[in-house]
Amino acid sequence: QVQLVESGGGLVQPGGSLRLSCAASGGIFNIFAMGWYRQAPGKQRSLVAVISSSGSTNYADSVKGRFTISRGNAQNTVYLQMKSLKPEDTAIYYCNVRILPDSFWGQGTQVTVSS
């Protein structure tokens with residue numbers, strides 16, 4: 001079974017930075033894409049950023065220019081570098097891995113942006 005372990009969330013002041021990490025293990029052959037989603041209280045889960053096996057990336061408009069998604073050398077790890085954080089970035093951030101036709105989720109890590 002695919003398992004995803006996330007780390008790096010926490011409390012940060014507006015304008016600050018955080019780096020999220022997600023490591024996948026167990027049956028991780030032929031990863032199609034890895035990405036990050038977030039869910040704020042009272043809102044639906046939405047895409048933050050995704051990176052394909054070829055390295056192409058896609059970002060939500062609200063994070064373009066501030067967040068950067070990347071994959072580790074082992075290709076089973078994905079990172080989300082977040083800069084210039086805003087209070088509206090506060091949410092639970094979930095790692096997602098697509099191994100077609102399946103999709104796997106991490107347990108989520110809380111990111112809180114507040115002074």
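Probing with 1.4 Å while keeping every protein chain in the model, the per residue accessible area of the chain equals 53 Å².
Dividing the convex hull volume of the alpha-carbon atoms in region 6-113 by its residue count gives 96 Å³ per residue. Positive end of the dipole of the chain (Cβ unit charges, origin at the Cα centre): among ILE92, LEU11, GLN107, the Cα lying farthest that way belongs to LEU11. Provide the net charge surrounding SER21, with neighbours chosen by a C-beta distance below 14 Å and charges set as Lys +1, Arg +1, Asp -1, Glu -1. Charge balance near SER21 sits at +1. Counting every pair of alpha carbons in region 1-67, the share spaced more than 16 Å apart comes to 61 percent.
Surface composition of the chain: carbon plus sulfur atoms contribute 48% of the solvent-accessible area (1.4 Å probe, protein chains only, all chains present). Charges were assigned to the Cβ only: +1 to each Lys and Arg, -1 to each Asp and Glu. The resulting dipole of the chain about its Cα centre is roughly 180 debye. Once all protein chains are placed together, TYR59 keeps about 50 Å² accessible to a 1.4 angstrom probe. Surface listing: LYS43, LYS83 arranged by accessible area from highest to lowest gives LYS43, LYS83, probe 1.4 Å.
The values are calculated or read from the model by the stated rules, or taken from the named source; none is laboratory data. These figures come from a predicted structure and were not determined experimentally. Cβ: placed from backbone, ideal geometry, glycine included. Neighbour counts: every protein chain shown. The protein model used for the area step is the full one, side chains on, heavy atoms only, and it has no ligands, DNA or RNA in it. Shrake-Rupley method; radii C 1.70, N 1.55, O 1.52, S 1.80 Å.
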